[in-house]
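Worksheet for the structure shown next.
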């Protein structure tokens, strides 16, 4: 009978006690447990892996299933982090990583695990979520792409909630072990990610719901003072809700109604009009003094077109690596060459438009100066 069991998913191993003796089980050899060796203890000391305690496993087969599931989650998390790592510069390797991650993320439990983890920990400066987002969109992994977009645009919210947690944990918990246990419970249950999402969209009602769910989950595991802790975190972060209203801080990753979108465009149009009148005079918008408005729109459209070409190129590179047969590989190569040539032509055109737009702005400034001098005379 198994009395104690622990899973180390990052190592792909589990340790369990049966009839007073300790054994090791590997994810790649789930039916061949072996005796615990002093080397295993040294390995744990050197690697300091994440350890998951298993409550009352029914059998070795049951423990093996849990080990394999946890190992797959940790492997997927490693791939998700590698996809953002700018130190990995080989494009073919990035595409391979994205493909492997897509296979893992098809399983709902793994996809949810990635969201819980990535939205709960601030990323190092060397990580670039936008690169990972583009690769995921190229292979039609929109859920992962949206997750990377959140990491890219809302690092401030993630950092704020993390700092608040560290500050409150030092004040409210008796030991660092208790604080670590509560934090891991919040992360594994998806409660920390829910709090982060609520803070990102500045939705106080959603925040309250996440707080209530987290409080209930922690009470079940015997944390008595959790209400005070979560209340203190809410007080610490209340400024993030009051600085922007929910409407003004709506995330670009979330869907908006046509009415809401039109309101935003009207406000932006009014703001740009006031800015142009302040810079170029009240008659600027009527007399056409503002620099080449059509070129400005053309620049925006050309940049969007280039972005689509980059997505398509990443997708074709992915398919080229998995092409079956010489003919298919040649067709893929021709498509890649065509996309690259098209993108290069657009970049040349974009540089010309930007230069022309800059000249027009300089002419507009000179015209403004001359008008002021003429007015003084």
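The values are calculated or read from the model by the stated rules, or taken from the named source; none is laboratory data. Computed from a prediction, not measured in an experiment: that's the story for all the values here. Virtual Cβ from ideal backbone geometry, glycine too; neighbours counted across all protein chains shown.
Data for the structure
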read-out	value
Condition met for residue 183 (in a helix (DSSP H, G or I), within 20 Å of residue 113 (Cβ to Cβ) and assigned by TED's automatic domain parsing to the domain that holds residue 116)	no
Selected residue [at pLDDT 80 or above, in a helix (DSSP H, G or I) and either exposed (fewer than 11 other Cβ atoms within 10 Å of the Cβ) or out of contact with any helix residue (DSSP H, G or I) (no Cβ under 8 Å at 6 or more places or on another chain) (or both)] from 365, 348	348
Members of segment 109-135 that are more than 10 Å from the chain's Cα centre (by Cα) and free of Cβ contacts under 8 Å to residues at least 24 places away in the same chain	124, 125
Residue in segment 152-164 that is more than 19 Å from the chain's Cα centre (by Cα), surrounded by 16 or more Cβ atoms within 10 Å (Cβ to Cβ), at pLDDT 80 or above and under 24 Å from residue 50 (Cβ atoms) present	yes
Qualifying positions in segment 28-37 - surrounded by 16 or more Cβ atoms within 10 Å (Cβ to Cβ) and in contact with a strand residue (DSSP E or B) (Cβ under 7 Å, 6 or more places away or on another chain)	33
Enumerated helices (runs of 4 or more DSSP H) restricted to segment 33-149, each holding at least 3 residues that are touching a helix residue (DSSP H, G or I) at 6+ places or on another chain (Cβ under 7 Å) and under 29 Å from residue 4 (Cβ atoms)	60-82, 108-118
Conditions (1) part of a helix (DSSP H, G or I); (2) in contact (Cβ under 8 Å) with a residue 12 or more places away in the chain; (3) loosely packed, with under 15 Cβ neighbours inside 10 Å: number failed by residue 4	(1)
Residue within segment 276-298 that is at pLDDT 75 or above, in the same structural domain as residue 362 (by TED's automatic domain parsing) and assigned to a helix (DSSP H, G or I) present	yes
